[in-house]
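> Pasting a structure here, questions to come.
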Amino acid sequence: MAVNALGDYDDTNVFARILRGEIPCRKVYEDESVLAFHDINPQAPVHVLVIPKQPYVSMADFLESASAEQIAGFWRGVGAVARLLNLAPGGFRLLSNAGRDAHQEVPHMHVHLFAGRELGAMLVA
Ligand code: AMP
């Protein structure tokens, strides 16, 4: 696994533990590539986290080191969640915090999927 600003992959992180079934999550969707579950501290009526099943630290690590098949599988999984929750009609936002400046808290690559209300400006100043 590539080294990056967050260091090597730490398999004690909370999402690794969720993937191993060591701690529970409110699962939304799962396939061979991804697990999607509700964020424990939701910022919108719909706030789902989509994570790859492979151990990548961040989006930067994932995009550098994942195979084309893994990258396609991940984004197909995100699409499946959006369809399952019927988010396209009202719209949704995808966000991925990668590294220090983005305040990434959990060092397992993930995408936040927000929906269910008018989501406002893209960034707070
Ligand atoms: P980030 O800052 O992008 O790393 O965001 C990490 C997200 O993980 C935050 O929105 C947390 O609320 C969420 N989170 C942390 N622990 C859990 C958990 N056990 N189950 C679900 N979401 C979690």
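> How compact and how long is the chain, expressed as Rg and Dmax of its alpha-carbon atoms in Å?
Expressed in Å, the Cα Rg and Dmax of the chain come to 14.1, 39.
> Something else about it: Could you give each residue of the range 31-46 its phi-based ³J(HN,Hα) in whole Hz, using Karplus coefficients 6.51, -1.76, 1.60 with θ = phi - 60°, and x for Gly or Pro?
9, 5, 9, 9, 10, 10, 8, 5, 5, 6, 10, x, 9, 7, x, 10
> For a Förster distance of 22 Å, can you work out the FRET efficiency between the beta-carbons of GLU32 and ALA68, rounded to the nearest 0.05?
For GLU32 and ALA68, the calculated efficiency is 0.90.
> Out of residues 5 or more away from TYR29 or on other chains, whose amide H comes under 5 Å of its own, with H placed 1.01 Å from N in the peptide plane?
Close amide H contacts, sequence-distant or interchain: ALA36.
> Here is a follow-up. Please state the relative contact order of the chain as a whole percent: Cα pairs under 8 Å, 6+ residues apart?
Dividing the mean separation by the residue count of the chain yields 31 percent.
> Need the full-extension length gain, LEU123 to ASN41, defined as separation in residues times 0.36 nm minus the C-alpha distance. One decimal, nm.
Length difference between fully extended and current span is 27.6 nm.
Values in this text are rule-based calculations from the coordinates and carry no lab data. What you see is a predicted model, and the numbers here were worked out from it, not measured in a lab. Note: ideal-geometry Cβ built from the backbone for every residue, glycine included; neighbour counts use all protein chains shown.
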